[in-house]
Amino acid sequence: MKIITCPINGPRPMQEFTYGGEFREMPNPAGTDDAQWASYVFHRGGEPAVKREWWYHIASGTWFIAERDNQSDQFIRTYLYAPAGEGK
Amino acid sequence: MTTLTRSPVYHHLEKLAVTWGQIGDCPIALTVGPRDAEVSTFKRLALCDASALPKLGLKGPKAEAWLRVQEIPVPMAMFGVARLADGGVIVRVASNEFFLESGPAAETVPALAAKLKHEPGLHRLTRQDATFLVSGQRVHEALLQTCGIDLARQGVNAVIYTRVAGVSCAILPEQLSDQQAYRIWVDYTYADYLWEELHDIMHDLGGGIVGAGCFYLRLTVM
Amino acid sequence: MSNRLAPQEGELINRSMPVSFRFEGRSYSGFLGDSITSALYAHDVRLLGRSFKYHRPRGVYSLAHHDANVMVEDAQRTNMRGDVTPIAPHLDVRAVNTTGGLEKDLLRFTGLFSKMMPVGFYYKCFHTPRKLFPFYESQLRKIAGLGRINPAAQAVATPKRYDFCDALVVGSGPAGLAAAIEAAERGLKVIVVDDMPYIGGSLRYQWHNDPAAKQTLDKLIDRARALNLDIRTSTEAAGCYGDLWIALIDSKCLTKLRANTLIVAAGAFEQPAVFHNNDVPGVMLASAAQRLMRLYGVRPFQRGVLLAANGDGYRAALDLHGAGVNVAAIADLRPDGEPTDLAQRAADAGIPIHRGHTVYEVAGAGGRVSAAALCRVDAQGHADAAHMIRIDCDGVAMSVGWAPNGGLLYQAGAKFTYDPAVEQFLPQRLPPGVFAAGRVNGVFDLHAQMEDGARAALAAAAYLSRYAGPVPPAVKHGGAAPSHPYPIFHHPKGKNFVDLDEDIHLMDFVNAVQEGYDNIELIKRYTTVGMGPTQGKLSNMNAVRILAKLTQQSIDQTGTTTSRPFYQPVPMRHLAGRRFHPHRVTPMHQWHEQAAAKFTLVGVWHRPEYYAQPGRTREDLILAEAKHVREKVGLIDVGTLGKIEVFGRDAVKMLERTYTGKFENLAVGKTRYCLALDESGVIIDDGVVARLGDDRYYVTATTSGVDYLFREMQRNAMLWKLDVGLVNVTGRYTGMNIAGPMSRQVLAGLTNVDLSAEGFPYLGVREGEVAGVPARLLRVGFVGELGYEVHVPAASGLAVWQALMQAGAAHGIAPFGVEAQRLLRLEKGHIIIIADTDALTNPIEAGVEWALGKDKPFYIGQRSLDIVRKQQLTRKLAGFAFPQGYAGGLPEECNLIIERGEMTGRITSIAKRSTVGPALGLAFVRPTQANPGTPIDIRLDSGEMVQAKIVATPFYDPEHARQKQ
């Protein structure tokens, strides 16, 4: 069982967490054509890379971002979400 | 006296030889079974229901300031804990949210609850958590059979949010009656399940159920 | 006859504590500390088991259950390993896989036909005609197999636990103990496990003919004791999973150990040589002979031959000699023999040494070695069968090499490469936090092993930042290789076994490669080498050597098979352990139990399905409960509903963006239906938004959907940068719905809230008291009658429920369950998310387009719905009903709707009886079928076709007059 380090609760077994999908910026719905919007909704990049992912610590209700290498399945780092321009 | 509120595990205690007391309008088991047996269970491995302790939550940008005005000690660290005047605890459960539980004197929380009204930036939250206390020489073995983290190595004066027997709980390690004890807060509707699991495991390890009087000597029979 | 030697220093048995037990129906005695195998062998019982396929006699081979020769069963348990199962007074066991007992096994002649059964034989012969396969299978299973499971065996409650440490040391031999001591002295919390029942590993029985070895072990154990080291014997590290999560198995339970570092000092498995009849009882690994002597004080044989390819063989020969065994010969595979002074010491002991020789075959009638034939080995490694030296003997011990016990290292992600200096695979790249020491690391000298252990511990401490000093470089092996590169010899009669578990001989590999299975993973599956109960502990290495030779590749090119958990078979009860199945109950649960409720699981909740009454059927009771609500008044526990508090300056923005409807114009004291979609426009949840104050909302959600919905709201509040407070109060508030024409009268006596139609109209929300408890009251219409949802703090739920039941008694109040509620809402045409919708249902199909707010700047799913609207609608949710008085078969949920032989839809909800009369329900149909009056053909489970008609919904009170009263 893997360990994920929650930025608030520290290292915990994976069963304490829920995966929240890849981190993606939503495009402006008004300025996006149908094909682009459908691509945003349905397409996910599965190529080997360091992915930014949402994870949720269930017991404390904490959302955070994890950078994970999906090839080696290593968590590189985790941090709380901060809107763009407000630092990490 | 009427008892309008009930612990979620009242029906388990009801079947035992319990001396009942009351906190507010909620019954609490003070002693369970003969004294000698209870003391030895308490030393070995004990499970206790203290859900009757009054609780309160408040949340919002003005929550901390309001608490200071009421002269409540406010823990600064996330999940940090401070002691209330009546022996209870206050926990910072989020940057702008607090959880309070009175001690057995049940003074601080009812007094605050009477004063606290909804206003912009300050929201009163109902808290209905069950409170279980576990302690005794074999408590760590019991916790190792239910928890995926090493509670024996966690810091003091902070609440740990984790899973116990598959259920999300908040756990506060503390010294009670000169024993290492763990206070487990769990959602009211999961409490019945968790009580049964803890009881089964602790029973296998030679433990059992004790009254809150083991932990809180000040409690008296109603 | 007894094979017991004089007491040995450090033996495991307690000779003052005799223990008797039964094996194959006969009584035997041994001593406390004996295993089944050692106790039987002490009585010269050499036939201890039968092989898997040919039922060949088998006996002591490794004495460490690295082989599966000795497997026994009793009434409760099967496939117990005799090598490590202690004898006990009431133990009564028999060998597995025999027909008519071990000695007279009726299948013992199967081996005579082995020539006719090469590998792949089963695959090739028993597939046609297909209808005979079940017969073939049952016959083959009788012949080839292991223990029988007793289906009547009692379940044993088994705990399961976690544990934690800084360093797990696997193996308590010299390397492991040295590592554990060093790590503990650096302040690490250390756990040592050893799968054997004693501390010391090989040092306990391989003394290297060095009297100081015993003192070395004693010193190590004394230091470990002084440090109060946590050493767990008879405990195996059975598997290594992500982030050093290690499964420890002992006799009691599975421990899920989280280790911060892992030090594997698990040693090496001694490997057998492959020659004709190398499985006859009496042929054994030299280490097994040493175990017999040192651990149990048992003489392995009277007169024996030692097949050696390393110094360990000479030491074993000297050990045997010292124990009074007549060592008739050492056959040394190496042309130049042993380079150290061990050769001279063996010669001094009078042991004849045959350099460049192998044991070519063993003669053994009746399951007992009677002679060994030695042959010269030529420069190509072939045995020269023309010149045989026959030596009468009753035992052969083999010391030809070692294979690392590296399973945990492989599982942790280590890479191994073959090192010709030791003729062994060695870990080359270890993952972070994982260390290896001792024989598994290619270190065979006793003092070097201890040095290597200490080095690994320092590296672990440094990894944990608990040690800042220098870590010495890894210890290298010096001298001759401890393993022979190819101790494998062809024989025209075969029976030169490579895998004893599966009865695979050398020729099977030749055949497999000829048939094209020339890759290690393929050959494993074709021959089944390494797939038996020991998972190839004694066969994988030889299989790799054979395949490399057959394919003319290097050992590294040939590679190894994947090493998977578990190290040894694990009892199912350990894996099952205590299982946690969390579930939730409402505060009124005890009341329901006393009222004879039948419960159903909804998500993780136990909910009353209906309330049982003697002599009445479930269907009758459900309909009666529903009718009671229509006619009088009922009370249902809706405590399981999701409940969320939303407050703060941006609360309404949060709701506007989360839900499809408009909430800006929702007045304080009012509620509104809310529908949530995902980004693709699919319905995920619904409920009611109640506005309690200017910036305070109380929102209900579906029982099973609220956790997901709440998480999404939390995340979106961050992404949208909203000043909003969100609290999931599902468990803090409980709820009950009092519904029916009399509900107002019942509630009126208990509350300070004005219940008049004007004071508290339909879709209103009020805060007040009910039965002295602070409550939130919502006027809802889910079941289509006048009704109030009463939400109160959980701890007061039971008191309020009881007060309502008491106050309602005069009006005939009755509880109703979730099935009656499903019927009542179905009559109103209300959908239930996930029952009437699926993972692709959009609001247009579901007929809830009315819940989509117009002119909204944004809500989740809105943009996708724009696209959906442009596409042709493929299905539509519609009501259907059977005619009044219809008496034919009725569909179940998910039965298909067929139009001209084509599936056009399915039933999503069905009420076979309803308060309005006919059977009715909801179904997905083609949009062209959705107009009222259209007949639809439904195929029942039986295949029968029945016809219903599409009907406009609601089926009941289409004006909604009753709930608005």
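The values are calculated or read from the model by the stated rules, or taken from the named source; none is laboratory data. Just so it is clear, the structure is predicted and the values come from calculations on it, not from any experiment. No Cβ is skipped: glycine too gets one built from the backbone with ideal geometry, and neighbour counts run over all protein chains shown.
For the residues A:Y56, A:Y19, the requirement of being in contact with a Phe, Trp or Tyr (Cβ under 7 Å, 6 or more places away or on another chain), assigned to a strand (DSSP E or B) and surrounded by 17 or more Cβ atoms within 10 Å (Cβ to Cβ) singles out A:Y56. Listed by position, the helices (runs of 4 or more DSSP H) enclosed by the stretch C:581-660 that each have at least 3 residues that are without any contact (Cβ under 8 Å) to a residue 12 or more places away in the chain are C:618-631.
Only residues that are at the interface with chain B (Cβ under 10 Å from one of its Cβ atoms) and without any contact (Cβ under 8 Å) to a residue 60 or more places away in the chain were counted in the stretch C:723-773, giving 3. In the stretch B:185-206, of all residues being more than 27 Å from B:G57 (Cα to Cα) and hydrophobic (A, V, I, L, M, F, W, C), the one that is farthest from the other protein chains (Cβ to nearest Cβ) corresponds to B:M202. Residues of the stretch C:230-254 that are under 16 Å from C:Y567 (Cβ atoms), among the aliphatic types (A, V, I, L, M), over 13 Å from the mean Cα position of the chain (by Cα) and away from every other protein chain (no Cβ under 11 Å): C:A237, C:L248, C:I249.
Could you grab me the full set of residues in the stretch C:687-703 that are of a type outside the set (V, I, T) and within 14 Å of chain B (Cβ to nearest Cβ)?
Answer for the stretch C:687-703, where residues must be of a type outside the set (V, I, T) and within 14 Å of chain B (Cβ to nearest Cβ): C:R691, C:L692, C:G693, C:D694, C:D695, C:R696, C:Y697, C:Y698.
Tell me yes or no: at least one residue of the stretch C:264-278 is touching a Lys or Arg at 6+ places or on another chain (Cβ under 7 Å), farther than 28 Å from B:I201 by Cβ and either at pLDDT below 95 or among the polar types (S, T, N, Q) (or both). Yes, some residue in the stretch C:264-278 is touching a Lys or Arg at 6+ places or on another chain (Cβ under 7 Å), farther than 28 Å from B:I201 by Cβ and either at pLDDT below 95 or among the polar types (S, T, N, Q) (or both). Out of curiosity, is C:G577 touching a Pro at 6+ places or on another chain (Cβ under 7 Å) and farther than 30 Å from C:N542 by Cα? For C:G577, the condition - touching a Pro at 6+ places or on another chain (Cβ under 7 Å) and farther than 30 Å from C:N542 by Cα - is met.
Just one of the listed residues (B:L58, B:L45, B:L53) is in contact (Cβ under 8 Å) with a residue 60 or more places away in the chain, within 14 Å of chain C (Cβ to nearest Cβ), in contact with a Gly (Cβ under 6 Å, 6 or more places away or on another chain) and of a type outside the set (K, R), namely B:L45. Within the stretch C:405-416, residues that are closer than 12 Å to C:V440 by Cα have Cβ atoms under 6 Å from residues that are outside any helix (DSSP H, G or I) and polar (S, T, N, Q) in these pairs: C:G407/C:S563; C:Y410/C:S563, counting only partners at least 6 apart in sequence or on another chain. From the list A:I4, A:I76, the lone residue that is surrounded by 12 or more Cβ atoms within 10 Å (Cβ to Cβ), within 14 Å of chain B (Cβ to nearest Cβ) and either at pLDDT 95 or above or over 26 Å from B:A170 (Cα atoms) (or both) is A:I4. Residue count for the stretch C:623-641 satisfying the condition of being more than 24 Å from C:Q745 (Cα to Cα) and either in contact with a helix residue (DSSP H, G or I) (Cβ under 7 Å, 6 or more places away or on another chain) or surrounded by fewer than 17 Cβ atoms within 10 Å (Cβ to Cβ) (or both): 0.
Do you know which of the residues in the stretch B:10-47 that are part of a loop (DSSP other than H, G, I, E, B) and more than 16 Å from the chain's Cα centre (by Cα) is modelled with the lowest pLDDT? Only one residue fits best here, namely B:D25.
Of everything in the stretch C:692-748 that is buried (at least 18 other Cβ atoms within 10 Å of the Cβ) and of a type in the set (F, W, Y), the residue that is farthest from the chain's Cα centre (by Cα) is C:Y697. Within the stretch B:123-173, being in a strand (DSSP E or B), of a type in the set (D, E, K, R) and either farther than 19 Å from C:T730 by Cβ or more than 14 Å from chain A (Cβ to nearest Cβ) (or both) holds for one residue alone: B:R124.
Would you confirm whether any residue within the stretch C:337-355 is of a type in the set (D, E), assigned to a strand (DSSP E or B) and on the phi < 0 side of the Ramachandran plot? It would help to see each step written out before you state the result.
First, the residues of the stretch C:337-355 that are of a type in the set (D, E): C:338, C:341, C:348.
From the residues that got through so far, the ones that are assigned to a strand (DSSP E or B) too are none.
Within the stretch C:337-355, not a single residue is of a type in the set (D, E), assigned to a strand (DSSP E or B) and on the phi < 0 side of the Ramachandran plot.
Annotation for the stretch C:762-772: at least one member residue is modelled with pLDDT of 95 or more, under 27 Å from C:D686 (Cα atoms) and in a loop (DSSP other than H, G, I, E, B). Selection of the stretch C:713-722 for residues being free of Cβ contacts under 8 Å to residues at least 40 places away in the same chain and more than 14 Å from chain B (Cβ to nearest Cβ) yields C:R715, C:L719, C:K721. So, in the stretch C:548-580, of the ones that are within 14 Å of chain B (Cβ to nearest Cβ) and not in a helix (DSSP H, G or I), which residue ends up modelled with the highest pLDDT? Of everything passing the filter in the stretch C:548-580, C:F580 is modelled with the highest pLDDT. The set of residues in the stretch A:47-69 being more than 14 Å from chain B (Cβ to nearest Cβ) and free of Cβ contacts under 8 Å to residues at least 24 places away in the same chain consists of A:E47, A:P48, A:A49, A:E67, A:R68, A:D69. The set of residues in the stretch C:182-196 being part of a helix (DSSP H, G or I) and crowded, with 23+ Cβ neighbours inside 10 Å consists of C:E182, C:A183, C:A184. Taking C:L146 as the residue in question, decide whether it is in a loop (DSSP other than H, G, I, E, B) and within 14 Å of chain B (Cβ to nearest Cβ). When the stated conditions are applied, C:L146 does not pass them. For the stretch C:373-380, the count of residues that are in contact with a Lys or Arg (Cβ under 6 Å, 6 or more places away or on another chain), surrounded by fewer than 24 Cβ atoms within 10 Å (Cβ to Cβ) and modelled with pLDDT of 95 or more is at least one. C:E593 meets the conditions (1) within 14 Å of another protein chain (Cβ to nearest Cβ); (2) surrounded by 15 or more Cβ atoms within 10 Å (Cβ to Cβ) in every case but one. The failed one is (2). Among strands (runs of 3 or more DSSP E) entirely within the stretch C:376-451, having at least 1 residues that are closer than 30 Å to C:A363 by Cβ singles out C:383-392, C:395-399, C:402-404. One residue alone among C:A266, C:A289, C:A237 is part of a strand (DSSP E or B) and among the aliphatic types (A, V, I, L, M), and that residue is C:A237.
The selection criterion, being part of a strand (DSSP E or B), buried (at least 16 other Cβ atoms within 10 Å of the Cβ) and within 14 Å of chain C (Cβ to nearest Cβ), does not hold for B:V81.
Which one of C:L804, C:L798 is facing another protein chain (nearest Cβ under 9 Å), among the aliphatic types (A, V, I, L, M) and either assigned to a helix (DSSP H, G or I) or over 29 Å from C:I832 (Cα atoms) (or both)?
C:L798 is the lone residue from the list that is facing another protein chain (nearest Cβ under 9 Å), among the aliphatic types (A, V, I, L, M) and either assigned to a helix (DSSP H, G or I) or over 29 Å from C:I832 (Cα atoms) (or both).
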